[in-house]
1. For region B:127-144, what are the residues that are facing another protein chain (nearest Cβ under 8 Å) and surrounded by 19 or more Cβ atoms within 10 Å (Cβ to Cβ)?
2. I want to confirm something. Restricting to region A:8-52 and keeping residues that are in contact with a Ser or Thr (Cβ under 8 Å, 6 or more places away or on another chain) and part of a helix (DSSP H, G or I), which single residue is surrounded by the fewest Cβ atoms within 10 Å (Cβ to Cβ)?
3. Looking at the structure I just gave you, is A:N30 touching a residue at least 60 places away in the same chain (Cβ under 8 Å), over 14 Å from A:R116 (Cα atoms), within 13 Å of another protein chain (Cβ to nearest Cβ) and not charged (D, E, K, R)?
4. Evaluate region B:63-76: report whether one residue or more is touching a residue at least 12 places away in the same chain (Cβ under 8 Å), at positive phi and either away from every other protein chain (no Cβ under 14 Å) or touching a strand residue (DSSP E or B) at 6+ places or on another chain (Cβ under 7 Å) (or both).
5. Go through (1) modelled with pLDDT under 90; (2) over 19 Å from A:T31 (Cβ atoms); (3) surrounded by 19 or more Cβ atoms within 10 Å (Cβ to Cβ) one by one and return the number of the condition A:G98 breaks.
6. Evaluate the following for A:V16: is it of a type in the set (A, V, I, L, M, F, W, C), more than 14 Å from chain B (Cβ to nearest Cβ), in contact with a Gly (Cβ under 8 Å, 6 or more places away or on another chain) and under 29 Å from B:V123 (Cα atoms)?
7. Out of all the residues in region B:53-84, which are of a type in the set (S, T, Y) and either more than 17 Å from B:A111 (Cα to Cα) or assigned to a loop (DSSP other than H, G, I, E, B) (or both)?
8. Quick check on A:D195: is it outside any loop (DSSP other than H, G, I, E, B) and under 25 Å from A:A71 (Cβ atoms)?
Protein chains: 2
Amino acid sequence: MNFEAFKKISYGLYIVSSKKNSKINGQIANTVFQVSADPPLIAVCINKENLTHEFIENSKVFCISVLAKDAPLRIIGQFGFRSGRDYNKFKNIDYTIGKTGAPIVLSFTIAYLDARVIGNMNVGTHTFFVGKVVDSDIIKKGEPMTYAYYHRVKGGKTPVKAPTYIKEDREVNGLDKYVCKICGYIYDPDKGDPDNGIAPDTMFENLPDDWVCPICGATKDQFEKVKQ
Amino acid sequence: MNFEAFKKISYGLYIVSSKKNSKINGQIANTVFQVSADPPLIAVCINKENLTHEFIENSKVFCISVLAKDAPLRIIGQFGFRSGRDYNKFKNIDYTIGKTGAPIVLSFTIAYLDARVIGNMNVGTHTFFVGKVVDSDIIKKGEPMTYAYYHRVKGGKTPVKAPTYIKEDREVNGLDKYVCKICGYIYDPDKGDPDNGIAPDTMFENLPDDWVCPICGATKDQFEKVKQ
């Protein structure tokens, strides 16, 4: 069994949102697909430990907002590496409430699909939710972010609770890389952090004191040097 | 409801194969995703009318072969636009039998995941099959074919029975395009058919008599001019 084979499955990258009474929440997911054309059904796979799972189970609605290719890492960090239990994920996010009552994210997204759950399936650590799409639209022109692009170009990481998490060896090539102890993001001085104004070839030690992890928002003291 | 939003969901492109007694069959699918990491579960969504569906229901096994980005259209045509009921899809295809007994396609693929069904869910026209991966490996180096690449670069079409089929308006820009009446492939003289040695700017009328549809293998007389 070679787990590298699993990495050859292609995905997009989405914010899956839902509601519970007057509360809203959302999370990053890559495991979204269309199930049938008529009726228009979509499916999403969500970890049972996530707050969004609890919200979908309660309200039986979810909305898929499709991230744009040029979305910055921080939106993925905000929705993907923090819990809605202790953080308002929709802070500073432009959104609207859809037909189902679930929030549609309008920041850095290109389309949405708003759905009511018509069935679900227990698959161990996760639940498949199948929803009938009751509303969908294009938000703006643009290409969708793909999971491959997120990993290869953006240097993004996979949360431990994602279906596609595979324990990876720490990257150990090169000198003076630093890893975020919270989310696993690796600061690579060769690349810098252009999303946040840090040019390539900026050493970790030379980052501004108020620089934070572009994925999870952790401060510099939460980083440790990657061992060679 | 705007069906364009559904096209912003990203997929790869796969051959999903199975067996029934001593017979083997396979089909093209784009709706494949990983469901959980531990245990390693994958899911695929298959149309109930397809022979591969019958085979998976019978044998409770399936194998996902991940198509390479440079796979020619004809392999997609051979597996995606013909039925195994009246055609041996594995003719001229390099394959081997995997641990589960399902065939692993080795032509134009980069990886495989061989799985035993542990559950399924009825979703109208389609069934979700969830399988535990019992064997997986990389076949050769390379990028996976994505569904977006297949449509945009290769000019590929969506079979009517696919979950993601949406009735599209025929392309009507430009002159002298010809559409295959069997599978809907459009021959565009601007692009030619480079996979099969036809250079760009070759008019349909100037194609060799033995040229066939690169997707479904239909002969030239099965094409009609696209109406302006």
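1. Of everything in region B:127-144, those that are facing another protein chain (nearest Cβ under 8 Å) and surrounded by 19 or more Cβ atoms within 10 Å (Cβ to Cβ) turn out to be B:F128, B:V130, B:V133, B:S136, B:P144.
2. A:L51
3. Taking the combined requirement at face value, the residue satisfies it.
4. Within region B:63-76, none of the residues are touching a residue at least 12 places away in the same chain (Cβ under 8 Å), at positive phi and either away from every other protein chain (no Cβ under 14 Å) or touching a strand residue (DSSP E or B) at 6+ places or on another chain (Cβ under 7 Å) (or both).
5. Among (1) modelled with pLDDT under 90; (2) over 19 Å from A:T31 (Cβ atoms); (3) surrounded by 19 or more Cβ atoms within 10 Å (Cβ to Cβ), A:G98 violates only (1).
6. Details: of a type in the set (A, V, I, L, M, F, W, C): yes; more than 14 Å from chain B (Cβ to nearest Cβ): no; in contact with a Gly (Cβ under 8 Å, 6 or more places away or on another chain): yes; under 29 Å from B:V123 (Cα atoms): yes.
No.
7. Within region B:53-84, B:S59, B:S83 qualify.
8. In short, yes.
The values are calculated or read from the model by the stated rules, or taken from the named source; none is laboratory data. On a predicted model such as this, the values are computed, not experimentally measured, just so you know. Positions of Cβ are generated from backbone atoms using ideal geometry, with glycine treated the same way; all protein chains shown enter the neighbour counts.
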